[in-house]
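So the structure is just underneath, and the comments pick up after that.
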Amino acid sequence: MNGFELRLWRRGMMWSMDRAAEELGVSLRTYKDYENSPNIKRSVALATVTLSLREQMSHHARNQTSGEDLHVMIGAMIADTLRSS
């Protein structure tokens with residue numbers, strides 16, 4: 001994952017930089033550095049997966065998505081992130 005992809009992720013989550021920094025547990029300055037970086041630490045990339053999953057799980061729980069469908073979606077998200085790291 002690079003800084004541009006991180007920015008796309010944040011925008012896809014409809015979060016401000018402040019919110020993304022808070023959710024990742026870093027300062028706003030550090031988060032801004034991440035978005036301008038050619039390479040993001042693997043731990044940050046995996047944290048984005050975790051945060052995305054948390055959002056998706058609450059969304060799908062409200063819509064009563066099947067467990068099998070959730071399993072497929074989670075597997076795809078993790079595979080994409082590992083390929084990009």
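The values are calculated or read from the model by the stated rules, or taken from the named source; none is laboratory data. Source: prediction; values computed, not measured. Methodologically, a virtual Cβ is constructed for each residue, glycine included, from the backbone with ideal geometry; neighbour enumeration extends over all protein chains shown. For accessibility, only protein heavy atoms count, side chains too; no ligands or nucleic acids. Shrake-Rupley method; radii C 1.70, N 1.55, O 1.52, S 1.80 Å.
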Expressed in nm to one decimal, what extension gain is obtained for the pair I78 and E22 from 0.36 nm per residue of sequence separation less their Cα-Cα distance?
17.9 nm
Ranked order, L46, L24 - accessible area, probe 1.4 Å, largest first
L46, L24
What fraction, in whole percent, of alpha-carbon pairs in the chain exceed 19 Å separation?
38
For the chain, with a Gaussian network of springs between Cα atoms less than 10 Å apart, report the residue from S16, S27, S66 with the top mean-square fluctuation.
S66
Helix-only [θ] at 222 nm, the chain, -39500 (n - 2.57) per DSSP H run of 4+, per residue, nearest 500, equals -24500 deg cm²/dmol
Might you report the magnitude of the Cβ-based charge dipole of the chain about its Cα centre, with Lys and Arg at +1 and Asp and Glu at -1, to the nearest 20 debye?
220
Place a point 7 Å from Cα of L70 in the direction of its Cβ. Which residues in region 25-60 have their backbone N less than 14 Å from it?
53-60
